[in-house]
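Colleague: Below you'll find the structure I mean.
The values are calculated or read from the model by the stated rules, or taken from the named source; none is laboratory data. No experiment lies behind these values; they were computed from the predicted model shown. Virtual Cβ from ideal backbone geometry, glycine too; neighbours counted across all protein chains shown. These accessible areas exclude ligands, DNA and RNA; they are computed on the full protein's heavy atoms, side chains included. Shrake-Rupley method; radii C 1.70, N 1.55, O 1.52, S 1.80 Å.
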Amino acid sequence: MADRPHIIIFNPDQWRGDALGHVGHPAVQTPNLDLLAATDAVSFRHAFVQATVCTPSRCSFMTGWYPHVRGHRTMHHMLNPVLDETNVLQVLRNNGYTVWWGGKNDLVPGQLGFEDHCDVYFRPKPEDYERWGVTPQAGNHGGDLSWRGEPGGDNYYSFFKGKLEAPSGQPWFDGDWAMVHGAIDFLRAYQGDAPLCLFLPLGYPHPPYCVEEPWYSLTERGDVPARHVYETWDDKPALLSAIRDGQGLTAWTESRWRELRATYYGMCARVDHQFGMLTAALKEAGLYDSSAVFVFSDHGDFTGDYSLVEKTQNTFQDCLSRVPFLVKPPEDVAFVPGVRDQLVELVDFPATVYDLAGVDCGYWHFGRSLRALLGNPDTNHRDAVFTEGGRLHAETQANEHESLSAGTSLGLYSPRIKQQVKEVGEGGALPHTKAAMCRTERFKYVRRAYESDELYDLVNDPGETRNLIGNRTHRGDVVELKERLLTWYMATCDVVPMGTDQRGFAR
């Protein structure tokens with residue numbers, strides 16, 4: 001076991017792929033991740049998720065399966081060991097790793113517990129808070145909701161909460177801070193001989209958009225980049241315009257949008273700081289050099305692009321489908337630090353873990369190890385990446401329940417969820433239509449079950465504002481992308497179990 005690397009999975013929620021200093025963002029402050037990419041890791045500039053909301057994305061990147069392979073397209077169908085569905089944590093634990101999990105779930109059925117997946121599922125206790133010398137505060141979703149204003153106001157569905165302030169004389173200390181401190185305590189105290197897997201799925205920078213000082217004021221508002229905006233919505237999915245109307249943010253001034261976006265970047269900066277704390281703890285415990293460290297998010301966030309906030313489940317703009325993805329290999333693996341431009345998918349994460357750990361996962365998956373790309377910046381990897389979501393008519397089990405919208409029709413997520421549960425929207429279309437994206441370096445093609453397809457020229461229109469699907473100049477490109485999408489579906493449509501059955505009774 002001693003020659004196996006420790007596996008550290010730092011997994012913030014809803015972090016856009018462009019919100020990193022070392023990939024050229026003009027405003028966000030991420031010094032710890034920037035230093036990591038410059039010296040000890042590879043950062044993948046074009047890393048894409050396979051679903052743009054939490055649970056289907058997590059089910060995908062923890063297995064190497066695309067969401068369609070076993071029907072993981074919803075927020076409430078998770079990886080179930082009873083149905084012979086495994087995940088990275090379970091595989092590593094079954095291969096001798098000690099697994100610590102601290103943070104959100106959105107991965108396995110809560111009713112079954114966590115015993116199959118980890119040795120420790122961390123929940124802070126009163127004595128932990130006493131030892132840390134802090135008082136816990138509600139997370140960014142909880143507590144007083146007066147910041148929303150009155151129903152009908154133009155802040156009610158904005159997710160914009162602003163500056164967090166703890167009671168006088170106390171630091172702000174929410175669930176993420178508790179999980180980071182719990183992970184650090186675990187690393188400092190660990191005396192076992194088994195290799196570690198530490199899984200830290202944080203809640204930030206998932207909205208509501210709010211953060212405490214010094215991160216709230218860290219971003220220079222004048223450095224916040226311009227938003228992407230649509231000149232026309234007529235050739236875009238009906239779900240988008242319906243959410244736009246429901247959120248009611250189109251009258252916001254650019255100054256308000258800058259404040260919201262700067263707050264989100266402050267949330268990212270706080271997560272970067274917490275990563276720095278974790279890295280320092282790994283070094284203090286003598287575990288850093290022998291660890292493979294993975295940093296990535298489950299999906300991105302609109303953050304004001306197209307006058308929208310939060311995310312959708314069946315649209316695939318880069319702000320939603322592209323995420324940060326950094327890999328620091330253990331010291332015995334050759335690598336060249338820096339930023340890579342190749343297309344990669346999060347299904348490549350488990351393949352890389354299994355490769356570096358020397359583990360046979362025991363099931364078929366579709367990830368490709370990144371080891372070669374770590375060592376050689378010129379290595380070819382993927383010619384296209386794929387993302388999917390949505391549902392079919394009458395596929396009501398794939399709806400997102402209204403209970404996820406804070407239990408009421410006025411919950412924060414209501415503008416989106418109200419559309420997702422509709423069978424027919426304006427114009428007769430199913431707003432939550434099933435869809436799939438094929439993205440190459442040049443083009444993004446989206447196939448939709450009940451609405452017009454989409455095509456974007458990413459070189460000339462990086463903001464994906466002009467749908468070229470009806471442009472005769474690109475007919476050949478559309479045919480080529482459709483064929484690529486079909487090939488992907490055929491290659492990934494199912495997984496055959498590794499074991500075999502007998503035709504008759506054993507004698």
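Colleague: Give me, ordered by chain and number, the residues 5 or more places off Arg382 or on other chains with an amide H under 5 Å from its own placed amide H.
Modeller: Leu343
Colleague: Here's something else I'd like to know. Using modelled backbone amide H atoms (1.01 Å from N, in-plane), which distant-in-sequence or interchain residues come within less than 5 Å of Gly425's amide H?
Modeller: Those lying under 5 Å, H to H, from Gly425 are Leu430.
Colleague: Given the protein chains as shown and a 1.4 Å probe, how many square angstrom of Glu480 are accessible, to the nearest 10?
Modeller: The accessible area of Glu480 comes to roughly 130 Å².
Colleague: Now for a separate question. Given a 1.4 angstrom probe, I'd like the percentage of the accessible area of the stretch 422-488 that is carbon and sulfur, rounded to a whole number.
Modeller: Within the stretch 422-488, the accessible surface is 49 percent carbon and sulfur.
Colleague: Right, another one. When only the heavy atoms of the protein chains count and the probe is 1.4 Å, how do Val82, Val446 rank by accessible area, highest first?
Modeller: The ranking, largest first, comes out as Val82, Val446.
Colleague: Within the accessible area of the stretch 214-352, what % is carbon and sulfur when the probe is 1.4 Å and the other protein chains stay in place?
Modeller: Percent of accessible area from carbon and sulfur atoms in the stretch 214-352: 49.
Colleague: Sequence gap at least 6, Cα distance under 8 Å: using those rules, report the relative contact order of the chain to the nearest whole percent.
Modeller: 24 percent
Colleague: So, one more: What accessible area, in Å² to the nearest ten, does a 1.4 Å probe give for Cys361?
Modeller: 30 Å²
Colleague: Here's something else I'd like to know. Which residue, chosen from Thr98, Thr135, Gln111, occupies the Cα position most advanced towards the positive end of the dipole of the stretch 96-136, where the dipole is computed from +1 (Lys, Arg) and -1 (Asp, Glu) charges on Cβ about the Cα centre?
Modeller: The listed residue farthest towards the positive side: Thr135.
Colleague: What does the accessible area per residue of the stretch 267-313 come to in Å², with a 1.4 Å probe and no ligands, DNA or RNA counted?
Modeller: Ligands and nucleic acids excluded, the figure is 17 Å² per residue.
Colleague: I'd like to check one number: the per residue accessible area of the stretch 10-64, probe 1.4 Å, reported in Å² as a whole number.
Modeller: Value for the stretch 10-64: 19 Å² per residue.
Colleague: State to the nearest 20 debye the size of the charge dipole of the chain about its Cα centre, where the only charges are +1 on K and R beta carbons and -1 on D and E beta carbons.
Modeller: Dipole magnitude for the chain comes out near 720 debye.
Colleague: Go through Val336, Val88 and list them by solvent-accessible area, largest first, probe radius 1.4 Å.
Modeller: Largest accessible area first, the residues go Val336, Val88.
Colleague: Can you pull out the chymotrypsin sites (Phe, Trp or Tyr not before Pro) in the stretch 148-183 that DSSP calls coil and that have at most 13 other Cβ atoms within 10 Å?
Modeller: Hits after loop and neighbour filter: nothing returned.
Colleague: For the stretch 147-197 and the stretch 228-256, what is the separation of their Cα centres, given in Å?
Modeller: If we compute the Cα centre of each part, the gap is 30 Å.
Colleague: Considering only protein heavy atoms, what per residue accessible area in square angstrom results for the stretch 71-194 with a 1.4 angstrom probe?
Modeller: 47 Å²
Colleague: For the chain, give the share of DSSP beta bridges that are antiparallel, in percent and rounded to the nearest 5; count only bridges with both residues there.
Modeller: Rounded to the nearest five, the antiparallel share is 45 percent.
Colleague: Please list Glu259, Glu115 from largest to smallest accessible area, probe radius 1.4 Å, with all protein chains kept in place.
Modeller: Of Glu259, Glu115, the descending order of accessible area is Glu115, Glu259.
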